[in-house]
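Beneath this line is the structure, given in structure tokens, with notes to follow.
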Amino acid sequence: MRNRQVLIFMIFVILFAWPVYQLVDLYFTKKSEKDSNIMLYQVSLFQIELLNNLISDSMNANNTEQLNALKQFAYTADYTHQHLVLAYGETKLTNIHSFLEIMQYIIRLQLGGDRSLKPEEAAVFQEISKAFVEITQVYEGMLSEDGKIIASQNEKLIQLDEAVSGYLRKILLE
């Protein structure tokens, strides 16, 4: 009789308790994934804010060597944002091409070695700076309270990014 009660209890555990445990574990795993996406977004936002500050500072750069930090932060912002795009999916979040365009522009300026920046080259950073203030503002409002990408903000980001990328491509082709 005792063995039979133990057997019934074990069957109960296997048929009822185990699936409940699996569902609870699945719920908390999904929550952890969502939390990690939010943290990645926060890191990406921080990188873009730093990049925005460096672009603003670059307007006062005297020579091409002073643009190294900006070039590095453009790369790290691109790297972080690309991983955020991978986390959310390209259908929900767009890539930002301006980061690479900024790096290409700086590399082009630095090809001749360390030299003084021309006024028209410094003016390019002034134009980019204006646009990046807007990009940063849009990026700040990119996530809803529940950690989902807001489609209208993503559309604004696409438009702003296309404007900056187009401007830089035009400058690079001159």
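The values are calculated or read from the model by the stated rules, or taken from the named source; none is laboratory data. This is a predicted model, so every value here is computed, not measured. Every residue, glycine among them, receives a Cβ derived from its backbone with ideal geometry; neighbour counts consider all protein chains shown. All accessible areas refer to the heavy atoms of the entire protein, side chains included, with ligands and DNA or RNA removed. Shrake-Rupley method; radii C 1.70, N 1.55, O 1.52, S 1.80 Å.
Whenever you get a sec, compute what percent of the accessible area on the range 36-174 sits on carbon and sulfur atoms (1.4 Å probe).
Values: 3910 of 7410 Å².
Carbon and sulfur: 53 percent of the exposed surface of the range 36-174.
Mind checking the dipole of the range 58-172: about its Cα centre, +1 per Lys or Arg Cβ, -1 per Asp or Glu Cβ, Debye to the nearest 20? It would help to have the intermediate numbers written out before the result.
Working: 10 positive and 15 negative charges, 58 e Å.
Roughly 280 debye for the range 58-172.
Would you work out the charge dipole size for the range 110-155 about its Cα centre, treating the Cβ of every Lys and Arg as +1 and the Cβ of every Asp and Glu as -1, and quote it to the nearest 20 debye?
Values: 4 positive and 9 negative charges, 40 e Å.
So the dipole magnitude of the range 110-155 works out to roughly 200 debye.
Considering only Cα-Cα distances, which of the following residue pairs are longer than 18 Å: Lys92/Lys148; Lys130/Lys156; Lys92/Lys170? Each step should come with its number before you reach the end.
Details: Lys92/Lys148 9 Å; Lys130/Lys156 15 Å; Lys92/Lys170 28 Å.
Beyond 18 Å between Cα atoms: Lys92/Lys170.
Find the accessible area per residue for the range 38-112; the probe is 1.4 Å, ligands and nucleic acids are left out, and the unit is Å². Before the final figure, lay out the partial values.
Details: 3820 Å² over 75 residues.
That works out to 51 Å² for each residue.
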